[in-house]
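Encoded as structure tokens, the structure appears first; notes follow it.
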Amino acid sequence: MATNELKRTAAETYAARRTDIARLVDVLEMELEKYDQRAAAEPQRWDFPGTLDYVRTTLIDLVEGLSGMERRRIEEFLAE
């Protein structure tokens, strides 16, 4: 951990991490748009939906951990 991170308050660290997460979500959206184009160009390839299945599962894990919501309820929500 960098020295300046050791001097941060919990609130400052939270704000910094929250900003990082927002930026990463933006990058994820940009990468998904590029991935959409690649998948559309080769619709017969199963590795594209396989990769999105991995991303989906990982995002469900994150939502489950952050929200405390049961995985089953998240899956039900997605099925609506």
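Think of the chain as having a plus end and a minus end, set by charges on the Cβ of Lys, Arg, Asp and Glu; of P49, T13, M69, T13 sits farthest toward the positive end of this dipole. With the alpha-carbon atoms of the chain aligned to their principal axes, the span from lowest to highest coordinate is 52, 30, 19 Å, starting with the largest. Taking the Cα centre of the chain as reference, the dipole from Cβ charges on Lys and Arg (+1) and Asp and Glu (-1) amounts to some 340 debye. You can think of it this way: the chain between R38 and A22 has 3.3 nm of extra reach, that is 0.36 nm per residue less the Cα-Cα gap.
FYI, it's all coordinate maths here, none of it is from the lab. Fair warning: this is a prediction, and the values are worked out from it, not measured in the lab. Cβ: placed from backbone, ideal geometry, glycine included. Neighbour counts: every protein chain shown.
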